[in-house]
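All remarks here apply to the structure that follows.
The values are calculated or read from the model by the stated rules, or taken from the named source; none is laboratory data. Only a predicted model underlies this, so the values are computations on that prediction, with no experimental measurement involved. So basically every Cβ, Gly included, is an ideal-geometry build from the backbone, and we count neighbours across all protein chains shown.
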Amino acid sequence: MKIAIMGAMSEEVAPILEALGNYNTVEYAGNKYYEATYKGVDVVVAYSKIGKVFSTLTATTMIEHFGCDRLLFSGVAGAINPELKVGDLIIATKLAQHDLDITAFGHPHGYVPEGAVFVDADRSLIETGKKVATSLGKSVKEGVIATGDQFVADEERKNWIAATFNADALEMEGASVAVVCNALGVPFFILRAISDAADMDASFSFDAFLETSAIESAQFVMQMVDEIVGQ
Ligand code: ADE
C-alpha cells in the first residue's frame, strides 16, 4: 500500500507534513513530492498548485511515477449549501467540472463525449471517513462538489452551479483529481473544510480562514490514514 495525500496549496499540506515529522523531498516534473513512512505504510505528500491542470499533473504523477494506490485529498472549499459554515467538513460523494462547457453542441454542462458529468468517489473510503467522523464525534456532511478554474466570489455564479450540478460546495481541483483516479483505477477520497461562502465576501473570508480550515481538513485526513493503516 502507498497512500497519496494531496492538497492544492502549501497551507493545505503543511499540517500533514508536520504530523509526519520526517520526510524525504523529491523534485519531479516542476513540483516537490514528500515521501515518508507513517506507521509502517509508505505515503507521498504534495501540493499541486491551484487549478484543474496542476492538480491533474500532480495526481497523475503520484500514481504513475510514485506508485500510489489510493489518494486522499485535503483542502478548503467555498460553501454552496447554506448548512455548511466556515470550518465545517464535507466529503465528496461525486464531483463535476462546472466550467466544462460544450453546450453549443447540445451536451449538458460538465460533459464531453466519452466522459461523464459526475465521477463517483470511492464508497469504501467514504465509509471509512464516516467511521472516523463518528469516532471523533464530528458531524461531517457528504455531498456533491463542483470544480472549476475559477475562484467563485459571486452569488449568481454560485446559484447557477448549485442549480446545474446540485452541488453543496465548490473548489478548483477535486473533479480533475477524480477523473485521473477513476481513469487509473485508484480509489480516492476528497475532503474539504469550508473557508468561505463563494459570495462577494469570499476572498476576505478565504484569506481569514484558509489556514484554520486547512488544519481542520488535514487533521481529519490524518485520522483517515490512521484508520486505513489499522485496517
Ligand atoms: N476554494 C475555497 N473557496 C473557493 C471559492 N470561493 N471558489 C473556488 N475555490 C474555492
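Looking at the stretch 123-139, can you tell me whether even one residue there is at pLDDT 95 or above, more than 14 Å from the chain's Cα centre (by Cα), aliphatic (A, V, I, L, M) and assigned to a loop (DSSP other than H, G, I, E, B)?
Checking the stretch 123-139: not a single residue is at pLDDT 95 or above, more than 14 Å from the chain's Cα centre (by Cα), aliphatic (A, V, I, L, M) and assigned to a loop (DSSP other than H, G, I, E, B).
Go through (1) assigned to a helix (DSSP H, G or I); (2) within 15 Å of the ligand (Cβ to nearest atom); (3) crowded, with 19+ Cβ neighbours inside 10 Å and name the single condition Val221 misses.
(2)
Within the stretch 161-171, can one find any residue that is at pLDDT 95 or above and out of contact with any strand residue (DSSP E or B) (no Cβ under 9 Å at 6 or more places or on another chain)? Give the derivation first.
The first filter runs over the stretch 161-171 and keeps only residues at pLDDT 95 or above, leaving 161-171.
Next, only the ones that are out of contact with any strand residue (DSSP E or B) (no Cβ under 9 Å at 6 or more places or on another chain) stay: 163.
Yes, the stretch 161-171 has at least one match.
Identify, from the list Gly115, Gly75, Gly87, Gly143, the residue that is buried (at least 23 other Cβ atoms within 10 Å of the Cβ) and touching a residue at least 60 places away in the same chain (Cβ under 8 Å).
Going through Gly115, Gly75, Gly87, Gly143 in turn, just one is buried (at least 23 other Cβ atoms within 10 Å of the Cβ) and touching a residue at least 60 places away in the same chain (Cβ under 8 Å): Gly75.
Could you check how many residues of the stretch 147-158 are within 13 Å of the ligand (Cβ to nearest atom) and either under 16 Å from Ala121 (Cα atoms) or in a helix (DSSP H, G or I) (or both)?
The qualifying residues number 4.
Are any of the residues in the stretch 194-204 within 19 Å of Leu17 (Cβ to Cβ) and not aliphatic (A, V, I, L, M)? Break it down into steps so the answer makes sense when it comes.
Step one: filter the stretch 194-204 for residues within 19 Å of Leu17 (Cβ to Cβ), giving none.
Checked the stretch 194-204: no residue is within 19 Å of Leu17 (Cβ to Cβ) and not aliphatic (A, V, I, L, M).
Could you list, in sequence order, all residues of the stretch 168-218 that are charged (D, E, K, R), under 19 Å from Glu11 (Cα atoms) and crowded, with 19+ Cβ neighbours inside 10 Å?
Glu171, Glu173, Arg192, Asp196, Glu216
Have a look at Ala214, Ala193, Ala162 and point out the one that is in a helix (DSSP H, G or I) and within 19 Å of Ile50 (Cβ to Cβ). Talk me through it step by step, then tell me what you get.
Numbers: Ala193 fails: in a helix (DSSP H, G or I); Ala162 fails: within 19 Å of Ile50 (Cβ to Cβ).
Criteria check complete, one pass: Ala214.
Listed residues Phe206, Phe189; which is touching a Leu at 6+ places or on another chain (Cβ under 6 Å) and either within 15 Å of Ile91 (Cα to Cα) or not hydroxyl-bearing (Ser, Thr, Tyr) (or both)?
Going through Phe206, Phe189 in turn, the sole match is Phe189.
Filter the stretch 17-66 down to the residues that are under 21 Å from Glu227 (Cβ atoms) and within 14 Å of the chain's Cα centre (by Cα) and list them by number.
Passing the criteria: only Val45.
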